[in-house]
Amino acid sequence: MISLNRHTKSVQFLLFLLIGAFIGIAVAVVADLPNEAFFVVTVGLAFPFVTFWVKDLRRFTLAAALFTIPISLDVNFMHSFEFQAGASTAGVSITDIFILGLLFIWLIEMSTNDEPYAVFFSRITIPAILYIEAAALSMLWAPRIDLAFMEVFRMIKVFMLFFILLNNIRDQRDIRLAMWVLISTVALESIVAGLQILKGGRLGLAFLGEAPPDPDGNASLWRVMGTLGHPNKLATFLELLLPLTMGAFLIEKKLWLKMTTVGILGLGLITLIMTGCRGAWIGFVVAFLIFVVFSLRNRHIKAKRLLKPVVLALLLMTMVAVAFSDMLTERVFGDDYGSAESRIPMYQIAINVIAANPIGGVGINNYQVNMREYNDSVRAMRYTTIPRPVHNMYLLVAGETGFIGFTAMIVMLISLINLLVKTASSSSSFLAIISICILGGVCAFCVHGLVDKHPPGGYAPFYAMMALASSAFIVNRRRHASFYS
């Protein structure tokens, strides 16, 4: 017995010695790295040790992957900061680390469990793959292969995020966890934006994605951007996720959770106003209307139950609109320095690009490379310094990937909306409410896409919501199957 104890103590001593040496060497190596690389590598090194303290490793990693989506903490091996609409970098982010962790956990389950959880879900996965293939195909004729590669690389990463999340959001418990983590990201971005407002400038969080004010923007209207790098990106993020706060109010029964959702909705609305993004304002109104209409259509959601969140949301929207009426008035009726008028020549150029390259486009993420060659209208020629791609995601996708890529994207969007509409009528009020909220966010995203240049192809928050929507549909289908069996 004594020898066994001595042997055990010797093993423990050697183990702790090796761990200490590993940590010491790791700290010495990463200490001289830039901030972004330091934090990413530190998280990667710490992750295996944190797992020893976590009871449910899969759900912890799932929550971490979702929470870090809006945080631009990454290490890039390639970058080109120009005026392209797509990716400007290629690298590994903190979210990628957690997604790889989820993949590793899933592969272990696949190899050890007799009946592992594995879902392909062809009705969404196949259109998403075709969308990537259309983008990758356009690399063959893209003038700038480096720009095209960065966007395709990002599209592949967000598809992997979707597919791995799809196979790790497995039941109502996982869906509820994902809902609250995504809501917490809204709170995080709102707090960061609020601090930016209070300080009257940036917080020095460039390594998390914060960027300096847009030099081409209106200096008289300071617009927040959180950690997303641009006000329009933050607004798109908020319009996509804010409906979940209204859904959580309906789902949760505890008072403190309901009040938490009300507080986050209020903060999110204030932040949405402070982005100054008019397209997102309209998008959120669309999302709210869809939330009300589809909730009333579901006979399993009582109208009386719906009254409180609707009234509270209307009160919050009214209070925020009154409190920030000066900003709303200036942004809607004030001088936008030709921003709205310049969209018309952008559309004219886009139509010329599409007409000249109808099948395969000019190449993914290459729209801005030679778009000026298609500037042949008198009105467009007035704007000889238009540097940015067309602010319409549909025209942009058609211009870059032609009819092939545009069709793949539309099929993916229609398939997503179709399954959300089906789940919105579920007899499970929980699954119905979640799907209605995602449907509202997706429709807001699609409406906003008419006046903005951020397509879903490389947008991680959109693919995360798509995974959540697909999982809700699958859980609802299994629920009906077990009920009738």
Residues of region 89-114 being part of a loop (DSSP other than H, G, I, E, B) and either at pLDDT 85 or above or polar (S, T, N, Q) (or both), in sequence order, are Asn113
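Within region 274-290, identify whether any single residue is β-branched (Val, Ile, Thr), outside any helix (DSSP H, G or I), touching a Leu at 6+ places or on another chain (Cβ under 8 Å) and over 20 Å from Thr185 (Cβ atoms), and answer yes or no.
The first filter runs over region 274-290 and keeps only residues β-branched (Val, Ile, Thr), leaving 275, 282, 285-286, 290.
If we keep only those that are outside any helix (DSSP H, G or I) as well, we get 275.
With touching a Leu at 6+ places or on another chain (Cβ under 8 Å) added as a condition, the list becomes 275.
From what's left, over 20 Å from Thr185 (Cβ atoms): none.
No, because not a single residue in region 274-290 is β-branched (Val, Ile, Thr), outside any helix (DSSP H, G or I), touching a Leu at 6+ places or on another chain (Cβ under 8 Å) and over 20 Å from Thr185 (Cβ atoms).
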Is it true that some residue in region 450-458 is crowded, with 22+ Cβ neighbours inside 10 Å and modelled with pLDDT of 95 or more? no
Let me spell it out: the conditions are (1) free of Cβ contacts under 8 Å to residues at least 40 places away in the same chain; (2) closer than 27 Å to Gln368 by Cα; (3) in contact with a Pro (Cβ under 9 Å, 6 or more places away or on another chain), and Met110 meets all of them except one. Which number is the exception? (2)
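For region 35-81, what are the residues that are among the hydrophobic types (A, V, I, L, M, F, W, C) and modelled with pLDDT of 85 or more? Break it down into steps so the answer makes sense when it comes.
First pass over region 35-81, keeping only residues among the hydrophobic types (A, V, I, L, M, F, W, C): 37-41, 43, 45-47, 49-50, 52-54, 57, 60, 62-67, 69, 71, 73, 75, 77-78, 81.
Of everything in region 35-81, those that are among the hydrophobic types (A, V, I, L, M, F, W, C) and modelled with pLDDT of 85 or more turn out to be Leu57, Phe60, Leu62, Ala63, Ala64, Ala65, Leu66, Phe67, Ile69, Ile71.
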Can you tell me how many residues within region 89-116 are surrounded by fewer than 17 Cβ atoms within 10 Å (Cβ to Cβ) and either of a type in the set (Val, Ile, Thr) or within 26 Å of Val192 (Cβ to Cβ) (or both)? 2
Expected single match for farther than 23 Å from Ala356 by Cα and not aliphatic (A, V, I, L, M) among His448, His391 is His448
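Rundown of residues vs (1) modelled with pLDDT of 90 or more; (2) crowded, with 18+ Cβ neighbours inside 10 Å, yes/no style:
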| position | (1), (2) |
| --- | --- |
| Lys304 | no, no |
| Thr329 | no, no |
| Asp335 | no, no |
| Tyr347 | no, no |
| Asn357 | yes, yes |
| Asn366 | yes, yes |
| Arg379 | no, no |
| Pro389 | no, yes |
| Met393 | yes, yes |
Looking only at region 227-273, filter to residues that are outside any helix (DSSP H, G or I) and within 20 Å of Ile69 (Cα to Cα); which one of those is modelled with the highest pLDDT? Leu242
I need the full set of residues from region 189-226 which are among the β-branched types (Val, Ile, Thr) and modelled with pLDDT under 85, in order please. Ile197
Would you check which residues across region 409-435 are in contact with a Ser or Thr (Cβ under 6 Å, 6 or more places away or on another chain) and either modelled with pLDDT under 95 or not hydrophobic (A, V, I, L, M, F, W, C) (or both) and list them? Thr423, Ser435
Of everything in region 158-200, what is farther than 30 Å from Phe430 by Cα and either in a helix (DSSP H, G or I) or touching a Pro at 6+ places or on another chain (Cβ under 7 Å) (or both)? Give them in sequence order. Val192, Ala193, Gly194, Leu195, Gln196, Ile197, Leu198, Lys199
Quick check on my filter: what residues within region 291-302 are surrounded by fewer than 18 Cβ atoms within 10 Å (Cβ to Cβ), in contact (Cβ under 8 Å) with a residue 60 or more places away in the chain and either part of a helix (DSSP H, G or I) or of a type in the set (S, T, N, Q) (or both)? Arg297
Can you confirm whether Gly86 is crowded, with 16+ Cβ neighbours inside 10 Å, at pLDDT below 85 and farther than 27 Å from Ile364 by Cα? no
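The values are calculated or read from the model by the stated rules, or taken from the named source; none is laboratory data. Since the structure is predicted, the reported quantities are computational estimates derived from the model, not experimental observations. Positions of Cβ are generated from backbone atoms using ideal geometry, with glycine treated the same way; all protein chains shown enter the neighbour counts.
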